[in-house]
Amino acid sequence: MGGLGSGRYSRKTAVEDCLGIDVNYLNRKGFLEEGCQFTLRWSISRSNWSASISAKAYKDYIVLDYIVEKERELNYSIQLDKVPMNLGGYKNYLRCPKCNSRVEKIYKSSASDYFLCRDCLDLVYRSSKESGDELAKVRRKLDKLYSKLNGKWRGVYSIIPDKPKNMHQRTYLGIRKDIIKQERLLDGLFCMKAEDLIG
Ligand SMILES: [Zn+2]
């Protein structure tokens with residue numbers, strides 16, 4: 001994946017740092033009804049970062065539609081499995097588009113363009129609650145560093161800006177190094193929650 005700081009993904013990514021789609025949530029909202037068109041949105045409170053995708057439900061699959069880096073539009077379907085339950089009704093599952101396993105949740109990490117299952121993305125669960133203060137501190141530093149490069153830090157998917165014309169190469173490399181260091185710190189602190197889906 002080009003453009004992102006090297007080494008950022010050397011550690012395992014946590015489920016909590018990914019965009020997640022939960023089939024049970026979609027079902028509760030009535031989004032699995034054939035023909036339903038909906039938008040899924042995730043955002044981080046206290047910063048303006050957000051991401052959203054469009055989706056449409058068909059009889060036994062859902063089509064996801066969104067833009068990734070460099071305006072590349074992705075459009076693909078996720079198979080939907082309805083397994084009859086003993087007491088009537090159905091239990092819903094999604095099929096991971098890569099390994100085809102039956103899961104309740106699929107995720108998109110910053111290292112993957114596609115929503116896949118937890119195993120395919122090699123995700124772990126974060127065990128402890130992280131301090132919000134430390135998170136805010138790292139975020140402020142990143143805001144500052146990005147603005148030095150005339151850019152704006154936008155959370156996990158930020159791309160380090162190119163060198164401003166009037167800046168010395170060495171200064172630029174120094175700032176870049178700082179940014180990568182802070183982003184690595186953040187990797188361990190970051191906690192993102194999926195917010196309400198907007199129907
Ligand atoms: Zn998979």
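Residue by residue, here is whether (1) among the β-branched types (Val, Ile, Thr); (2) in contact with a Cys (Cβ under 8 Å, 6 or more places away or on another chain); (3) outside any loop (DSSP other than H, G, I, E, B) holds:
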residue: LEU145; (1), (2), (3): no, no, yes
residue: GLY151; (1), (2), (3): no, no, no
residue: ILE159; (1), (2), (3): yes, no, no
residue: TYR172; (1), (2), (3): no, no, yes
residue: ILE175; (1), (2), (3): yes, no, yes
residue: ASP178; (1), (2), (3): no, no, yes
Does TYR90 count as within 29 Å of LYS59 (Cα to Cα), at pLDDT 85 or above and either more than 14 Å from the ligand (Cβ to nearest atom) or assigned by TED's automatic domain parsing to the domain that holds GLU33 (or both)?
-> no
Residues being part of a loop (DSSP other than H, G, I, E, B) and within 8 Å of the ligand (Cβ to nearest atom) - total across the stretch 94-117 | 7
Only one of LEU173, LEU135, LEU116 is farther than 30 Å from CYS36 by Cα, out of contact with any Gly (no Cβ under 6 Å at 6 or more places or on another chain) and at pLDDT 90 or above; which?
-> LEU173
Would you pick out the residues in the stretch 68-93 that are surrounded by 13 or more Cβ atoms within 10 Å (Cβ to Cβ) and more than 19 Å from LEU26 (Cα to Cα)?
-> VAL68, LEU74
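The values are calculated or read from the model by the stated rules, or taken from the named source; none is laboratory data. Everything numeric here is computed off the predicted structure, so don't read it as measured data. Every residue, glycine among them, receives a Cβ derived from its backbone with ideal geometry; neighbour counts consider all protein chains shown.
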